[in-house]
Amino acid sequence: MKNSKPKLAIFKLSSCDGCQLSILDAEDELLAVLGAVEIAYFPEASSRMLKGPYDIGLIEGSVTTPHDVELTRQIRKDCKTLITIGACATAGGIQALRNWKDVKEFTKIVYASPQYISTLDRSMPVASFIHVDFELRGCPVNKYQLIEVIVAFLNKRKPNISTHSVCMECKQRGNVCVMVAHGTPCLGPVTQTGCGAICPSYNRGCYGCFGPMDSPNTSSLSRNIEARGETKYDIMLAFRGFNAYSEPFRKESEAYEK
């Protein structure tokens with residue numbers, strides 16, 4: 001009898017595998033989902049790999065090589081629904097820091113034979129090359145949000161993913177604001193929720209792991225941080241983290257680079 005379960009495929013580009021590990025970390029939650037889907041392709045977890053087409057595809061990692069470009073285009077053809085997961089796939093990742101420099105200079109310094117290195121000038125999000133149906137933020141992704149996205153698409157509904165700022169999570173947890181209480185620079189006011197406000201809960205500023213929230217007022221936050229004594233260079237570095245090449249963070253960092 002032909003298997004009628006939707007096929008789920010998980011792909012990797014240039015990344016640290018952290019988001020795929022989040023999938024494996026969601027073992028208990030996945031058990032409930034596995035009854036409704038067939039994991040057809042997941043090299044990180046299984047040697048059993050079925051050919052497409054796939055009903056749902058998840059991509060981790062940024063596009064950094066010519067091979068990545070061709071692979072993403074093939075994945076798009078093979079998947080009915082395509083979801084990018086994590087900061088690398090949705091914003092270029094930490095490796096996008098090279099986008100402000102000459103990558104050829106880096107390869108000359110790092111590799112003994114740089115002529116054998118085939119790479120693009122920039123590290124880019126998957127959506128720069130193909131259409132994606134949904135982007136799930138995070139470095140790494142929140143496993144509960146990931147399960148929600150998979151279940152939502154299986155049931156043909158919009159995923160219920162909050163897009164407000166980390167500040168809301170701090171309020172919900174009863175955290176004292178690190179900026180107000182200690183003058184600690186924090187990207188929480190412009191960063192999308194999803195981490196559970198981990199860093200502010202330990203009296204550290206938010207690093208922006210989940211990328212920009214909806215309509216972030218980055219310039220206002222920068223002025224506030226600068227008024228507290230931080231240099232323009234420090235502000236530039238604050239926005240150049242895991243989601244440095246997301247448009248709001250990129251533009252704000254460039255404004256303080258000059």
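We did not get these values from a lab; they are worked out from the coordinates using the rules stated. Note that this is a predicted model, so its numbers are computed, not measured. When we count neighbours, we look across all protein chains shown, and the Cβ atoms used for this are built from the backbone with ideal geometry, even at glycine.
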Just in segment 192-258: which GluC sites (Glu not before Pro) are loop by DSSP and have at most 11 other Cβ atoms within 10 Å?
-> none
So, in segment 7-154, how many Lys pairs have Cα atoms under 29 Å apart, if the pair is 8 or more places apart or on different chains?
-> 16
Any chance you could check the Cα centroid distance between segment 131-188 and segment 190-207 for me, in angstrom?
-> 10
Within the set of other residues whose C-beta is less than 13 Å from the C-beta of Tyr111, count the net charge using Lys and Arg as +1 and Asp and Glu as -1.
-> +1
Quick one: which of 175-188, 139-152, 109-122 comes out on top by average Cβ neighbours within 10 Å, and what's the full order, highest first?
-> 139-152, 175-188, 109-122
Please list 131-138, 215-222 highest first by mean number of surrounding beta-carbon atoms within 10 Å per residue.
-> 131-138, 215-222
Charge tally for neighbours of Gly61 with beta carbon under 11 Å away, counting Lys, Arg as +1 and Asp, Glu as -1, is -2
